[in-house]
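J.: Below you will find the structure I want to go over with you.
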Amino acid sequence: MRMHALAPMLLSLCLSAGHASRAAEPLLSLDPPSPKPQLLVVGLYHMDNPGRDVVNLDADDVLSPQRQREIEAVARALAAFEPTRIAIESPRAKQHELDRRYARYRAGDYSLDRSEDDQLGLRIAAMRELPRIDAVDWNEMPPVTGIEVIDYEAGAQRLGQQAFLAALRARLKVRAAVDQRHLEQGSIADMLRWLNDPQRLRDSNAAYFDYARIADDDDYPGANWLQFWYGRNLKIFSNLTRIAGPGERVLVIYGAGHAPLLRQFAQQSGYFEVVDPLRYLDAAAPAPQPAAP
């Protein structure tokens, strides 16, 4: 039998095998769910000082009595969204670990740590009596030939553009200092309102494009890193679509740098109805002050 005659048979066999191996998975549809799921993305600062960002804030102790009152107020305000799913910046590959932690918390066998994942994610999920909380992050090595391809620091050194990178970082530090003042002078709700202010989000997202300018001739380390940043957020968006069925109300607790892209992808894809977080953060009651002695 000729190969061109075999091709349809082989294709049919491959498709049948593929369908058999994925029989338990729902079929993808080109159309968004109906009714559309709602997506509320809340950009956060990292409350537990993990030091993962280029420029990091110095977060005070969120376990202090005053900060706990403020966090409780924010949690109540966001719970008013009535989320049916809560997604956090935790690796999707570690969902089983998150499941165990959440189960222990609901059973009274676990105390929340200082992370925003715990302080808001687990807290609100328990308030809503949700059966689980979803880990949707992806932050692994992108499909490149080597780390040097996306290493913009080494690229700036190689291309003699150290002064440009230093100026970029100096500008980021100025912006971070403004964020720090908001954190030190206001409540948690005040800080989150600032981090999710539309103009601040636009300015924050625009800063990423400065990295693309670290380039010369056919050497684009800055743009290559920016491809990775967009790719990471697209994978997070993909994970969000996988948990959002018809009519779901998805609350996303994530680092503020991700918020503009996640909202952009959600809006431009047409998959979600995007909800303004300020609508809920504005309702966070000021934390009561302790009585004077």
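What follows is calculated from the coordinates using simple rules that are stated; it is not laboratory data. The model shown is predicted, which means the values in this text are computed figures rather than measured ones. Note that we place each Cβ from the backbone using ideal geometry, even for glycine, and neighbour counts take in every protein chain shown.
J.: Report, in whole Å, the centroid distance computed from the Cα atoms of the stretch 28-87 and the stretch 214-264.
T.: 16 Å
J.: I would also like to ask the following. Label-point separation (nm) for K173 and A93, each offset 7 Å from Cα along Cα-to-Cβ?
T.: 3.5 nm
J.: Could you check the spin-label model distance between D109 and D53? Points 7 Å from the Cα along Cα→Cβ, value in nm.
T.: 3.6 nm
J.: Where the centre of each part is set by its Cα atoms, how far does the stretch 162-192 sit from the stretch 90-134, in angstrom?
T.: Answer, in whole Å: 29.
J.: With each label point set 7 Å from Cα along the Cα-Cβ vector, what nm distance links Q267 and S238?
T.: 2.4 nm
J.: Same structure again: Work out from phi, with θ = phi - 60° and the Karplus expression 6.51 cos²θ - 1.76 cosθ + 1.60, the ³J(HN,Hα) of each residue of the stretch 221-226, listed in order in whole Hz, and give x for Gly and Pro.
T.: Once θ is set to phi - 60°, the couplings for the stretch 221-226 become x, x, 5, 5, 5, 5 Hz.
J.: If we count every other residue with Cβ under 15 angstrom of R69's Cβ, Lys/Arg +1 and Asp/Glu -1, where does the sum land?
T.: Numbers: positive: R67, R76, R123; negative: D60, D61, E70, E72, D190.
Computed value for this residue: -2.
J.: Below 12 angstrom from the Cβ of D276, what's the summed charge of the other residues (Lys, Arg +1; Asp, Glu -1)?
T.: Around D276, the charge tally is 0.
J.: Using a Cα-Cα cut-off of under 17 Å, which aspartates and glutamates could be cross-linked to K235, ignoring same-chain neighbours fewer than 8 residues away?
T.: E89, D134, D137, E140
J.: For Cα pairs less than 8 Å apart in space and 6+ apart in sequence, what is the mean separation divided by the residue count of the stretch 196-278, i.e. the relative contact order in percent? The partial results should precede the final answer.
T.: Working: 52 pairs, mean separation 25.9, N = 83.
That works out to 31 percent.
J.: Moving on to the next point. Any idea what the dipole of the stretch 100-205 comes to, in debye rounded to 20, about its Cα centre with Lys/Arg Cβ at +1 and Asp/Glu Cβ at -1? Please report the intermediate quantities before stating the final value.
T.: On the way: 17 positive and 17 negative charges, 48 e Å.
It works out to roughly 220 debye.
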